[in-house]
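See structure below.
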Amino acid sequence: MENANNKKNIFITKNAVFALFIGIGDMLATYVFYKAGKDITLNRQLADAIMLLTVAGIFIGVRKYREETLNGVMTYGKALSAATFMTSVAASLYGIFIYALYKLIPELQEYYITSLNRLLEDAYKDSPLPNDMKAFMGSLITPGAIAFSEAFNKFFMGFLFSLPIAGILRRKRNKADTLSHF
């Protein structure tokens, strides 16, 4: 039983380090965009930069976990669970950061609502729907809702990228390695 707890602690400890790197990298990218005067609301460039940091962090983190902790042998399930763990921790950290950012800078929330309204108007040009939705969304869009949305999106996209990453990084034990244990 103690061995199982030790393995679980090692799993969490080793993968939490890269999850923190991913989360902090995403936060820094968002902060740099904000400080540079660039839009952080629905910004495709920022989303791409964050996804690149996330994918690279997951790949490096899972590979490092495989090589340093599992002696180079990792099943698809272990690779996917490590990648999913990293993604969920990084997404949670990013959600907390976004919540604090939107709470501290109310103009960001106003700009977020304005951007969504513009998207609605473009999508439903000849419909009364945008006018009805504006009031409804204005009451629903809070820093908490924005943070949850960003964290969920980050987790979902990270998980989707984790599926092929886990396949790439899985590695079975070589037959020569198996025979050398006897």
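Nothing in this text is a laboratory measurement; each read-out follows from the coordinates by a stated rule. This structure is a prediction, so every number in the text was calculated from the model and none was measured. Don't worry about glycine lacking a Cβ; one is built from the backbone with ideal geometry, like all the others, and counts go over all protein chains shown.
Data for the structure
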quantity	calculated
The range 1-57-the range 64-110 distance, computed between alpha-carbon centres (Å)	5 Å
Whole-Hz couplings from phi, Karplus 6.51/-1.76/1.60, listed for the range 74-91; x for Gly and Pro	8, 7, 4, x, 5, 5, 5, 5, 5, 5, 5, 4, 4, 4, 5, 5, 4, 5
Rounded to whole Hz, the Karplus (6.51, -1.76, 1.60) HN-Hα couplings of the range 106-113, x for glycine and proline	x, 4, 5, 5, 4, 5, 4, 5
Helix 2-35 vs. the chain, principal-axis angle (Cα, 0 to 90°, nearest 10)	30 degrees
Formal net charge of residues neighbouring residue 54 (Cβ-Cβ distance under 9 Å; K, R +1; D, E -1)	0
Candidates 129, 93, 20, ranked by Gaussian network fluctuation over the chain, Cα under 10 Å, top entry	129
Principal-axis tilt of helix 143-169 within the chain, Cα atoms, nearest 10 degrees	30 degrees
Radius 14 Å from Cβ of residue 119, net charge of other residues (Lys, Arg +1; Asp, Glu -1)	+1
Shape category assigned to the range 69-151 from the gyration tensor of Cα positions, a/c cut at 1.5	prolate
Calculated [θ] (222 nm, deg cm²/dmol) that DSSP helices of n ≥ 4 give over the chain, each run adding -39,500 (n - 2.57)	-29000 deg cm²/dmol
Cross-link table 14/38; 64/172; 14/78, entries beyond 25 Å C-alpha to C-alpha	14/38
Among (i) 142; (ii) 126; (iii) 163, the entry derived from the coordinates for volume of the Cα convex hull per residue in Å³	(i)
Summed residue charge, Cβ within 11 Å of residue 18's Cβ, Lys/Arg positive, Asp/Glu negative	+3
